[in-house]
Amino acid sequence: MTKKYFPITFLMLVFLCISLQGFSQNTIGLIQQGNGLEQSGYILFAPIAYNKTYLIDKCGLLVHSWDSNYKPGLSAYLLPDGNLLRSGNTQNSSFNYGGSGGIIEKIDWNGNVIWSYLISTDSLLQHHDIYPMPNGNVLALVWQKKTVIQVLQEGRDSLTITDHFLNEKIIEIQPVGLDSAVIVWEWNLWDHFIQDYDSTKENYGSVIDHPELFNINHQIDVVNNPDWLHLNSVFYSPALNQIIVSSRTNNEFYILDHSTSTLKRHLMQEELEEKEEIYCTDGGILKYTIEVVLLIANYLVNIL
């Protein structure tokens, strides 16, 4: 039986055709459109390695772009008036963690920065997400650096602390002028700790009986990471007047009642701290006696 051989030139030609066919695929623009993306609309994104923010349509065509002096702080929103709300990374050397931001900018359609607000110090840094509220204010996630001594006072296991600890805050910012703002509402994690490790501390108690509080010794296996909670995103529901945040390390979502003002909480907390065996958290989740009920009612009548 006679064997048949393909000439080497023919095999090289087949290989070349296959190779050229592979390289002929699109390498820029819209590569693939999945199911459910046929509807009209636009896509806004800020590549993490660049200072630009892009707006494209569902066909991959560039509609608009904005320049900034900062790489993204991992959050950008196109506002109803056409302005861009964007967080930027200030490269704060005091916070060497993923998701760092530090500045919030509002940029108009023509690329002019019409408002900016810096949250970037040795002890505070805006991080990950921000969120535009219907009233024009902005919600922001903020890291707050705490010392070892401060954390030990809250009942943290000393074997799980490095040289500092990152507390989390959520603040509502009211823009003022070109580069200022007023913090009109705040929720601070530091006010909501409980632990069953150190009985000498004021926040010692039964963790399982207080799901509305945070166990400061949760995730104690994250010994070398002060960013133990790592909040990722924040969202506001105007219909419910509630704020929802997510924690990556805990794999949990938290819903906060936005209806109670910071002032009301502080006034009530000062009085409640004088009562024994009372736990108070934002949003009115309380364990109280009849006396405390009357106290709260009296405050609400005088303040509202």
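Taken together, the values in this text are just the output of simple stated rules run on the coordinates, not laboratory data. All values derive from a computational prediction rather than experimental measurement. Here the Cβ positions follow ideal geometry from the backbone for every residue, glycine too, while neighbour counts run over all protein chains shown.
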statement: When His258, His64 are ranked with the fewest other C-beta atoms within 10 Å first, the list becomes His64, His258
- request: Compute the distance in nm between two label points, each set 7 Å from the Cα along the Cα-to-Cβ direction, one at Val176 and one at Phe253.
  value: 3.5 nm
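What is the calculated FRET efficiency for Tyr77 to Val184, with r their C-beta to C-beta distance and R₀ = 22 Å, to the nearest 0.05?
The formula returns an efficiency of 0.70 here.
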field: Distribution of pairwise C-alpha distances over the stretch 107-169, 5 Å bins, in %
entry: 4, 14, 18, 17, 15, 11, 8, 6, 4, 3, 0
Size of electric dipole in the stretch 41-259: Cβ of Lys, Arg +1 and of Asp, Glu -1, about Cα centre, debye, nearest 20: 720 debye
message: With unit charges on the beta carbons (Lys and Arg positive, Asp and Glu negative) and the dipole taken about the Cα centre of the stretch 41-259, which residue among Phe235, Ile149, Asn215 sits farthest to the positive side?
response: Phe235
task: Mind checking the stretch 48-113 for chymotrypsin sites (Phe, Trp or Tyr not before Pro) that DSSP puts in a loop (not H, G, I, E or B) and that have at most 16 other Cβ atoms within 10 Å?
output: Tyr50, Tyr97, Trp109
statement: If amide H atoms are modeled at 1.01 Å from N in the peptide plane, then the residues at a separation of 5 or more from Ala181, or on another chain, having amide H under 5 Å from its own are Val176
- line: The simple spin-label model distance between Ile149 and Leu44, using points 7 Å out along Cα→Cβ, in nm, is 4.5 nm
message: Can you list residues from other chains, or at least 5 along the same chain, whose modelled amide H is less than 5 Å from the amide H of Lys58?
response: Gly41
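Dividing the alpha-carbon Rg of the stretch 34-76 by 2.2 N^0.38 Å yields what? Intermediate values should be presented prior to the final figure.
Values: Rg = 11.7 Å, N = 43, 2.2 N^0.38 = 9.2 Å.
So the stretch 34-76 has a normalised radius of gyration of 1.27.
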- request: Report the label-to-label distance for Thr121 and Leu62 in nanometres (one decimal), using points 7 Å from each Cα along the Cα→Cβ vector.
  value: 4.0 nm
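Could you estimate the translational diffusion coefficient of the stretch 52-195 from the Stokes-Einstein equation, with Rh from the Kirkwood formula over C-alpha pairs, at 37 °C and 0.692 mPa s, in whole µm²/s?
Details: Rh = 16.5 Å.
Value of D from the Cα-based Kirkwood radius: 199 µm²/s.
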field: At 1.306 mPa s and 10 °C, Stokes diffusion of the stretch 59-102 via Kirkwood alpha-carbon radius, µm² per second
entry: 132 µm²/s
